[in-house]
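S.K.: What follows is a single structure, and I will ask about it in a moment.
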Amino acid sequence: MASSWSVASEELSCPVCQDTFKDPVLLPCSHSFCHGCVQKWWRTKRARHCPVCKTLSSTKKPPRNLVLKNLCEAFLLEMESGTVCRLHTEKLKLFCVDHRTPVCVVCRDSKLHRNHRFTPVDEAAPLYRNGLQRCLDPLRAKVKLFSEVKVNCETADEEIRKQARDTETKIRAEFKVLQEFLLKEEETRVAELKKEEEHKRGVMKDKIALLTREIEAMESTIKTIEDGLKDDDTSFLLKASALTEEAQRPLLDEPTQAAGALIDVAKYLGNISFKVWCKMKNKVTYTPVILNPNTAHRELHLSEDLTSVRYGPKQPLATIPERMEEHHCVLGSEGLRSGSHSWDVEVGNNQVWGLGVIAQDAHRTGDIMSGLWMVRFCYGKFTAFCPSSPVSVLSLKSRLQRVRVHLDRNKGELSFWDPDTNAVIHTFTHTFTDTLFPYINTWNDVPLKILPVKISFTDN
């Protein structure tokens, strides 16, 4: 098509409706009208006169003016494409820098654009294209990051579901032994578990839905920009401002996984029998430390009652702040903030293990060694480690089968004993200020088991 129309837009207008011809017909007098307009005119006048020259038409059905019809359709198509000025029917060859919009040569000299700056569209388009291209990189990076977080959230959601199902099964197995006497307590715990599951899965699903919406919104923005970049220069420049505004909209902060997202399994499984001891006073076992599966390294496997741990194949678990990623260890479920605490660990034939306590801040910050006190056994060699002293080698006369860990926060002492001989293995002295968690480390498939303690009960 030429750079401008060879006929004025008025000559493509019906004399009756003054609009662009729609389905034009040609009368014998050579005047053309919209088919609908001339038929309405004839019905109104009750005569088949030409609306322009009043010549009587010899036919009720004048022939279609196909040439004029094609010309009008081409005219409308180009007008709708936005590449032709609607005011002057001239090609939009210039770009008004002040108004940031394509204009024709007639617009340039109009009052609306007086004293404005202009540049050819083929020079203006690359500048906007390059700007939008630079905007795409951070958008794509955000989509990638959000997608990775979404995948981890989906893994966490599945783990929540599995934890809830497994925990419910274990709860029911425990309470089955107690029979009807414990039925009420059992159902209460299950209800609490379901409530927590519903809440935490609801939170996770909301986050997944939010991430999905944000990803779709950013992908839609990317697609809109990419589609716009494929347009010809004029069409692109018509959209360039809107595309630039869309591309530069503020991006959301990087999503993070909040602590405490998973089911607090230890809350439901830990010391179940002991917690109903006041009601039963029989058949009670109490383990002073319950392991927290949400902190366990992916290659550590915990027993169903959360009292023993062994090394094994890597498990596909969600990445959460609580989980130990570098050390092959697991922590106790409850922090030790004051008082005196003891627990015995059966090490048996395990060839690689470490026992001790870790400060909560050291766990949170990931600087494990800055808050770890432990005794370690590795293929016959005993060592002691703490943040304030170099590693020291311990000399022992016999192989240990059990180790007692005793923490006295009031005295500032952490000691390790051989409960079979009542001999002290090693003692750390330190003024503990942070909350401490029991720490167990192993690279061996022989389980390390926290032993239950005997509970005496005096009925006053």
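S.K.: Could you derive backbone 3J(HN,Hα) for region 367-379 from the dihedral phi with the Karplus parameters 6.51, -1.76 and 1.60 (θ = phi - 60°), listing whole Hz in sequence and x where the residue is Gly or Pro?
M.R.: The phi angles translate into 8, 4, 5, 6, x, 10, 10, 7, 10, 10, 10, 9, 6 Hz.
S.K.: Determine which aspartates and glutamates satisfy two conditions relative to residue 111: a Cα distance under 18 Å, and not lying fewer than 8 residues away in the same chain.
M.R.: Within the straight-line cut-off, residue 111 pairs with 90, 98.
S.K.: Using the number of other C-beta atoms within 10 angstrom as an exposure proxy, rank 218, 204 with the fewest first. Show your work: numbers first, answer last.
M.R.: Numbers: 218 19, 204 22.
Fewest to most other Cβ atoms nearby, the residues stand as 218, 204.
S.K.: If I take every Cα pair under 8 Å that is 6 or more residues apart in region 8-77, average their sequence separation and divide by the length, what percent do I get for the relative contact order?
M.R.: Details: 87 pairs, mean separation 23.1, N = 70.
About 33 percent, as a whole number.
S.K.: Would you work out which of 261, 238, 248 lies farthest towards the positive end of the dipole of region 122-266? Charges go on Cβ: Lys and Arg +1, Asp and Glu -1.
M.R.: 261
S.K.: In addition: Determine one quarter of the surface area of the Cα convex hull of region 285-450, which equals its mean projected area, and express it in nm² to one decimal.
M.R.: Details: hull surface 37.5 nm².
Directional mean of the projected Cα hull area for region 285-450 stands at 9.4 nm².
S.K.: Further question: Tell me which aspartates and glutamates have Cα within less than 13 Å of residue 150's Cα, excluding those fewer than 8 residues away on the same chain?
M.R.: 158, 206, 214, 216, 254
S.K.: Could you pull the Rg and Dmax for region 122-266, using just the Cα atoms, both in Å?
M.R.: When restricted to Cα atoms, region 122-266 yields Rg and Dmax of 24.4, 85 Å.
S.K.: Mind putting a number on the dipole of region 245-327 about its Cα centre? Charges go on the C-beta only, +1 for Lys and Arg and -1 for Asp and Glu, and I need it in Debye to the nearest 20.
M.R.: Details: 10 positive and 11 negative charges, 187 e Å.
Using Cβ point charges on Lys, Arg, Asp and Glu, region 245-327 gives about 900 debye.
S.K.: Along the Cα→Cβ direction, 7 angstrom out, place labels at residue 303 and residue 42. What is the inter-label distance in nm?
M.R.: Label at residue 303, label at residue 42, 10.1 nm between them.
S.K.: Exceeding 30 Å between C-alpha atoms, which entries from my cross-link table qualify? They are 142/200; 40/69; 162/223; 170/411; 267/449.
M.R.: Values: 142/200 25 Å; 40/69 19 Å; 162/223 37 Å; 170/411 39 Å; 267/449 19 Å.
From 142/200; 40/69; 162/223; 170/411; 267/449, over 30 Å: 162/223; 170/411.
S.K.: Let me ask you something else. Provide the gained length on full extension for the span residue 161 to residue 179, in nm with one decimal, where the gain is 0.36 nm per separating residue minus the Cα-Cα distance.
M.R.: Details: separation 18, 0.36 × 18 = 6.48 nm, distance 2.67 nm.
Full extension from residue 161 to residue 179 adds 3.8 nm.
S.K.: Another question, if that's okay. With a Förster radius of 25 Å, plug the Cβ-Cβ distance of residue 423 and residue 286 into 1/(1 + (r/R0)^6) and report the FRET value to the nearest 0.05.
M.R.: Numbers: r = 25 Å, r/R0 = 1.02.
Efficiency, rounded to the nearest 0.05: 0.50.
S.K.: Let me ask something else. Just to be sure I understand the rule: take each whole DSSP H helix in the chain, project its Cα atoms onto its long axis, keep it if the span is 18 Å or more and its mean Kyte-Doolittle hydropathy is at least -1.0. Which ones pass?
M.R.: 66-81, 121-178, 183-230, 233-247
S.K.: Continuing with this model, one more query. Please list, in chain and number order, the residues 5+ apart from residue 440 or on another chain whose amide H is under 5 Å from its amide H, with Hs placed from the backbone.
M.R.: Counting only residues 5 or more places away or on other chains, the set is 330.
S.K.: Now, a different point. Over region 122-266, calculate the relative contact order: mean separation of alpha carbon pairs under 8 Å at least 6 apart, over the residue count, as a percent. Before the final figure, lay out the partial values.
M.R.: Numbers: 88 pairs, mean separation 65.0, N = 145.
The value is 45 percent.
S.K.: Using θ = phi - 60° and the Karplus form 6.51 cos²θ - 1.76 cosθ + 1.60, what ³J(HN,Hα) does each residue of region 331-348 get, whole Hz, x for Gly and Pro?
M.R.: The phi angles translate into 10, x, 7, 10, x, 9, 9, 6, x, 10, 9, 9, 8, 9, 10, 7, 9, x Hz.
S.K.: Take every Cα pair under 8 Å in the chain that's 6+ residues apart, average their separations, divide by the length, and report that relative contact order as a whole percent. Intermediate results must be reported in sequence, preceding the final value.
M.R.: Numbers: 718 pairs, mean separation 52.0, N = 460.
This gives 11 percent for the chain.
S.K.: What are the trypsin sites (Lys or Arg not before Pro) within region 219-309 that DSSP puts in a loop, where the Cβ has at most 12 other Cβ atoms within 10 Å?
M.R.: Numbers: sites: 223, 230, 239, 267, 275, 279, 281, 283, 298; in loops: 281, 283, 298.
Passing sites in region 219-309 are 281, 283.
S.K.: To continue, here is another question. Using 0.36 nm per residue, how much length does the chain from residue 398 to residue 203 gain when fully extended, once their Cα-Cα distance is taken away?
M.R.: Taking residue 398 through residue 203 to full extension adds about 64.9 nm, to one decimal.
S.K.: Still on this structure, please answer the following. Taking θ = phi - 60°, what integer Hz values does the Karplus form 6.51 cos²θ - 1.76 cosθ + 1.60 yield along region 408-416, in sequence order, with x for Gly and Pro?
M.R.: Values per residue, Gly and Pro as x: 10, 5, 5, 8, x, 10, 10, 10, 10 Hz.
S.K.: Calculate I(q)/I(0) for the chain by the Debye formula, one identical point scatterer on each C-alpha and no solvent, and give its log10 at q = 0.06, 0.11 Å⁻¹ to two decimals.
M.R.: Result of the Debye calculation: -0.55, -0.97.
S.K.: I've got another one for you. Extension gain residue 370-residue 23, at 0.36 nm per residue separation less the Cα-Cα distance, in nm? The partial results should precede the final answer.
M.R.: Numbers: separation 347, 0.36 × 347 = 124.92 nm, distance 8.56 nm.
Additional length available on full extension: 116.4 nm.
S.K.: Whole percent per 10 Å bin, from 0 to the bin with the longest distance: what is P(r) over all C-alpha pairs of region 198-307?
M.R.: Computed distribution, short to long bins: 11, 23, 19, 15, 12, 10, 7, 3, 1.
Values in this text are rule-based calculations from the coordinates and carry no lab data. Keep in mind that what you see is a predicted model, and the values were worked out from it rather than measured. For neighbour counting, all protein chains shown are included, and Cβ atoms are generated from backbone atoms with ideal geometry for every residue, glycine included.
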